[in-house]
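**Student:** My questions will all concern the structure given below.
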Amino acid sequence: MWWRHHVGVTAGVVDVGSNTVRVVVVRDGHELVSHREMLRLGASIERFGSIPPEKLDEAAAAVARFADEARAAGAHDVRVLITSPGRQAANGAELADVLERAGRCETRILTAVEEGLLAFSGALRVASPPSRRLVAVVDVGGGSSQVVVGTRRSGPLWARSVDIGSQRLTNRLLESDPPGPEAVAAARAEVDRYLSGFEPPVPMSAFAVGGSARALRRLAGRRLDGENLDELVTLLSTTSTQRLVAKHGVDPDRVRTMTGGAIILAALQRRLDTPLKVVRAGLREGALAELAAARAAA
């Protein structure tokens, strides 16, 4: 595991995504802090094109609180990483400035490629496939989706980001409760449009990371293939959110965007032609490893 190489280092990351703001602090392989707040910045961006002042205030308050928690847990270096909201909002630069002041720490907007590479690094450090095996890491977020193919030995060899995620797809086409077959057909067509020209190398193994994959794992188990992803789309798109939460134990914060996440994952899985294994590691773990390595070398 990555932390074995950074004994004694306490690292903290605040991840500002389209759906959630999360803080994670790790020391010697132990997770000291892990919290999230559901802000759905991506929904505001999809509706208005930018992040309204009240949402900027909410994000600033969450980041300030989380950064203070990370420092209280011993993380002397805390980083705030902004993913798709920083890239997609017309006022993305303002978001970064507001959060840097609120968190009182280094803040940066990740490019789509950087986001994918950190997810690849985090997933492979935990999954630890054979060093020469060609693998894919799929990260479906709220505002965008990343796929990186490579090996542990050689690193990333192919990377692609598509500007559609579970939150964006839900806001556009899946807002009814439940969405129903017609909305699913329209959503599949929308995803296929974004995936035009998407031709990744076919890996021997594929890993799915991120909130959508973790939420779906609770319903389908760790392995997501074509058959059970299609079954998930049918279940999620024909069952009310109330019933999904009450009968199937679905996370109330995630249930609204799960149909969109399943549709995107199904489309990516078909193109990779490999079942997806859900891994509870990704961007944050990759970022924590990067931060811990930098601190250890300082």
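**Student:** Any idea what the relative contact order of the chain is, in percent, if you count C-alpha pairs under 8 Å spaced at least 6 apart? Walk me through the intermediate numbers first.
**Tutor:** Numbers: 641 pairs, mean separation 58.3, N = 298.
Worked out over the chain, it gives 20 percent.
**Student:** How would 35, 30 rank on accessible area, largest to smallest, probe 1.4 Å?
**Tutor:** 30, 35
**Student:** Then there's this: When DSSP assigns beta bridges and you keep just the ones with both residues in the chain, what percent turn out antiparallel, to the nearest 5? Show your work: numbers first, answer last.
**Tutor:** Numbers: 30 of 47 bridges.
Around 65 percent of the beta bridges assigned by DSSP in the chain are antiparallel ones.
**Student:** Taking the chain as a Gaussian network, where each spring joins two C-alpha atoms under 10 Å apart, which residue of 154, 237, 50 fluctuates the most?
**Tutor:** 154
**Student:** Let me ask another. Report, to one decimal in Å, the Kirkwood hydrodynamic radius for the chain based on all distinct Cα pairs. Don't skip to the end; give the middle numbers.
**Tutor:** On the way: mean 1/r = 0.0520 Å⁻¹.
Final number for the Kirkwood radius of the chain is 19.2 Å.
**Student:** Also: Classify the stretch 48-156: rounded, prolate or oblate, from the alpha-carbon gyration tensor (a ≥ b ≥ c, eigenvalue square roots; a/c under 1.5 rounded; otherwise prolate if a/b is larger than b/c)?
**Tutor:** Details: a/c = 3.12, a/b = 1.62, b/c = 1.93.
Here the stretch 48-156 falls in the oblate category.
**Student:** Further question: Which residue, 173, 52, 216, has the largest displacement toward the positive end of the dipole of the chain when charges sit on each Cβ (Lys, Arg +1; Asp, Glu -1)?
**Tutor:** Going by the charge dipole, the pick is 216.
**Student:** While we're here: If you build a Gaussian network model of the chain, linking Cα atoms that sit under 10 Å apart, which residue out of 93, 136, 70 swings the most?
**Tutor:** The residue that fluctuates most here is 93.
**Student:** A further question on this structure: In sequence order, what are the phi-derived ³J(HN,Hα) couplings for the stretch 214-231 according to the Karplus relation 6.51 cos²θ - 1.76 cosθ + 1.60 with θ = phi - 60°, rounded to whole Hz, with x for glycine and proline?
**Tutor:** In residue order, the calculated couplings are 5, 5, 5, 4, 5, 8, 10, x, 6, 9, 10, 10, x, 5, 6, 5, 5, 5 Hz.
**Student:** Rolling a 1.4 angstrom probe over the protein chains, ignoring ligands and nucleic acids, what is the accessible area of residue 108 in square angstrom, nearest 10?
**Tutor:** Rounded to the nearest 10, that gives 70 Å².
**Student:** Using a probe of 1.4 angstrom, how much of the accessible area of the chain is carbon and sulfur, in percent? Could the numbers behind the result be given before it?
**Tutor:** Numbers: 5820 of 12490 Å².
Reported share for carbon and sulfur atoms: 47 percent.
**Student:** What does the charge dipole of the stretch 144-185 about its Cα centre add up to, to the nearest 20 debye, if the Cβ of each Lys and Arg holds +1 and the Cβ of each Asp and Glu holds -1? Don't skip to the answer; put the middle values down first.
**Tutor:** Details: 5 positive and 4 negative charges, 97 e Å.
It comes to approximately 460 debye.
**Student:** In whole Å and largest first, what semi-axes does the C-alpha gyration tensor of the stretch 212-293 yield when each eigenvalue is scaled by 5 and square-rooted? Write down the numbers at each step before the final one.
**Tutor:** Numbers: eigenvalues 121, 59, 19 Å².
Listed largest to smallest, the semi-axes of the stretch 212-293 are 25, 17, 10 Å.
**Student:** Additional query: Rolling a 1.4 angstrom probe over the protein heavy atoms, how many square angstrom per residue are accessible across the chain?
**Tutor:** Values: 12490 Å² over 298 residues.
Roughly 42 Å² per residue, with all protein chains present.
**Student:** Can you work out ³J(HN,Hα) from phi for every residue in the stretch 133-143, in order, using Karplus 6.51 cos²θ - 1.76 cosθ + 1.60 and θ = phi - 60°, giving whole Hz and x for Gly and Pro?
**Tutor:** With the stated coefficients, the stretch 133-143 comes to 6, 6, 10, 10, 10, 10, 10, 9, x, x, x Hz.
**Student:** Averaging over all projection directions, find the projected area of the Cα convex hull of the stretch 23-95 and quote it in nm² with one decimal place. Provide the component values of the computation, followed by the final result.
**Tutor:** Numbers: hull surface 20.3 nm².
Quarter of the Cα hull surface area: 5.1 nm².
**Student:** Let me ask you something else. I'd like the accessible area for residue 255: 1.4 Å probe, protein heavy atoms, all chains in place, Å² to the nearest 10.
**Tutor:** Solvent-accessible area, nearest 10 Å²: 10 Å².
**Student:** Run the dipole for the chain about the Cα centre, Lys and Arg Cβ at +1, Asp and Glu Cβ at -1, nothing else charged, and hand back the magnitude in debye, nearest 20. Show your work: numbers first, answer last.
**Tutor:** Working: 39 positive and 34 negative charges, 182 e Å.
Computed about the Cα centre, the dipole is about 880 debye.
**Student:** Give me a comma-separated list of calculated 3J(HN,Hα) values for the stretch 254-259, in order, Karplus coefficients 6.51, -1.76, 1.60 applied at θ = phi - 60°, integers in Hz, x for any Gly or Pro.
**Tutor:** Along the stretch 254-259, the couplings run 9, 4, 5, 9, 5, 4 Hz.
**Student:** So what does the Cα-only Debye profile of the stretch 90-247 read at q = 0.10, 0.19 Å⁻¹, as log10 I(q)/I(0), no solvent term?
**Tutor:** -0.45, -1.27
The values are calculated or read from the model by the stated rules, or taken from the named source; none is laboratory data. For clarity, every value in this text was computed on a predicted model and none was experimentally measured. Positions of Cβ are backbone-derived with ideal geometry, glycine not excepted, and every protein chain shown enters the neighbour counts. Surface accessibility is based on the protein's heavy atoms, side chains included, excluding ligands, DNA and RNA. Shrake-Rupley method; radii C 1.70, N 1.55, O 1.52, S 1.80 Å.
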